[in-house]
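Heads up: the structure comes next, in structure tokens.
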Amino acid sequence: MHGLLSAGAAIIAYLPTQALNQREGFWSAITAIAVLQTEFRATRKVGRDQLLGAATGGLIGLGIWLGLGQHLAAYALAVILSLTACWVLNVASAARLAGITATIILLVPHDGTAQHIFGSRVMEVGWGVTVAIIVGWLATRLARSAPDVTGK
């Protein structure tokens, strides 16, 4: 069942990005798969971490790119600052996702400005998180309302 829900959430997250001509809409699908858990409370927590991590790593990656450029030393600094920021803000569970987002911004080849790349990443992650939370919530509600097939 979890596989069906994950595949459904990924497709729901991906299709609108194609209609909007987002070339990297696959990040929405990846996020939806990463966020959707078998328990709704866990889905919300992972979704929060994904969004906070993407925003933190994205902002720091954007700032480093604009201030220092795109090179390995700047990238290393962005990862260090992204993880440290999450620890300082008491959201250590979002730290690795912040580092991943900084990596995507500073190491993955892109077309467009740093600001556009940051906006796209946060939008794609935000959409993937939203879809996963909605699918997880609906699945929980449907499971609760389904009749007990054991007869109990």
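The values are calculated or read from the model by the stated rules, or taken from the named source; none is laboratory data. Quick caveat, the model's predicted, so the values are computed rather than measured. Using ideal geometry, Cβ is built from the backbone for each residue, glycine included, and neighbour counts are taken over all protein chains shown. Note: areas computed on protein heavy atoms with side chains; ligands, DNA, RNA excluded. Shrake-Rupley method; radii C 1.70, N 1.55, O 1.52, S 1.80 Å.
Using the Cβ atoms and a cut-off under 13 Å, what net charge is assigned to the surroundings of residue 89, where Lys and Arg are +1 and Asp and Glu are -1?
Net of charged neighbours comes to 0.
So if we plug the beta-carbon distance of residue 90 and residue 4 into 1/(1 + (r/R0)^6) with R0 = 41 Å, what FRET efficiency do we get, rounded to 0.05? Present the calculation step by step, with values, prior to reporting the outcome.
Working: r = 35 Å, r/R0 = 0.87.
My answer for the efficiency is 0.70.
Just to check I understand the Karplus step: with θ = phi - 60° and J = 6.51 cos²θ - 1.76 cosθ + 1.60, what whole-Hz values come out for segment 39-55, glycine and proline as x?
So the J values, rounded to whole Hz, are 10, 4, 4, 5, 4, 4, 5, 5, x, 4, 4, 4, 5, 5, x, 5, 5.
Sum -39500 (n - 2.57) across every DSSP H segment of at least 4 residues in the chain, then divide by the residue count to get the 222 nm mean residue ellipticity, nearest 500.
-27000 deg cm²/dmol
For the pair residue 15 and residue 115, how long in nm is the line joining their label points, each one 7 Å along Cα→Cβ?
3.4
Over segment 3-152, average the accessible area per residue using a 1.4 Å probe and give it in Å², no decimals.
Values: 8300 Å² over 150 residues.
Counting only protein heavy atoms, the per-residue value for segment 3-152 is 55 Å².
At a temperature of 20 °C and a viscosity of 1.002 mPa s, determine how fast the chain diffuses translationally according to Stokes-Einstein, using the Kirkwood radius over alpha-carbon pairs as Rh; express D in µm²/s, rounded to the nearest whole number.
Values: Rh = 16.1 Å.
In µm²/s, the coefficient is 133.
In nm, what is the difference between 0.36 nm times the number of residues separating residue 137 and residue 72 and their Cα-Cα distance?
Here the segment from residue 137 to residue 72 would lengthen by 19.3 nm.
Give a residue-ordered list of calculated ³J(HN,Hα) values for segment 78-91 (Karplus: 6.51 cos²θ - 1.76 cosθ + 1.60, θ = phi - 60°; whole Hz; x for Gly, Pro).
After applying 6.51 cos²θ - 1.76 cosθ + 1.60, I find 4, 5, 4, 5, 5, 5, 4, 4, 5, 5, 5, 7, 6, 10 Hz.
How large is the dipole of the chain about the Cα centre if only Lys and Arg carry +1 and Asp and Glu carry -1, each at its Cβ, rounded to the nearest 20 debye?
Charge dipole of the chain: 440 debye, to the nearest 20.
Roughly to the nearest percent, how much of the accessible area of the chain is carbon and sulfur, given a 1.4 Å probe?
C and S fraction of accessible area: 69 percent.
Would you kindly derive the ³J(HN,Hα) couplings of segment 62-70 from the backbone phi angles with the Karplus curve 6.51 cos²θ - 1.76 cosθ + 1.60 (θ = phi - 60°), listing them in order in whole Hz, with x for Gly and Pro?
4, x, 5, 4, 5, x, 10, x, 10
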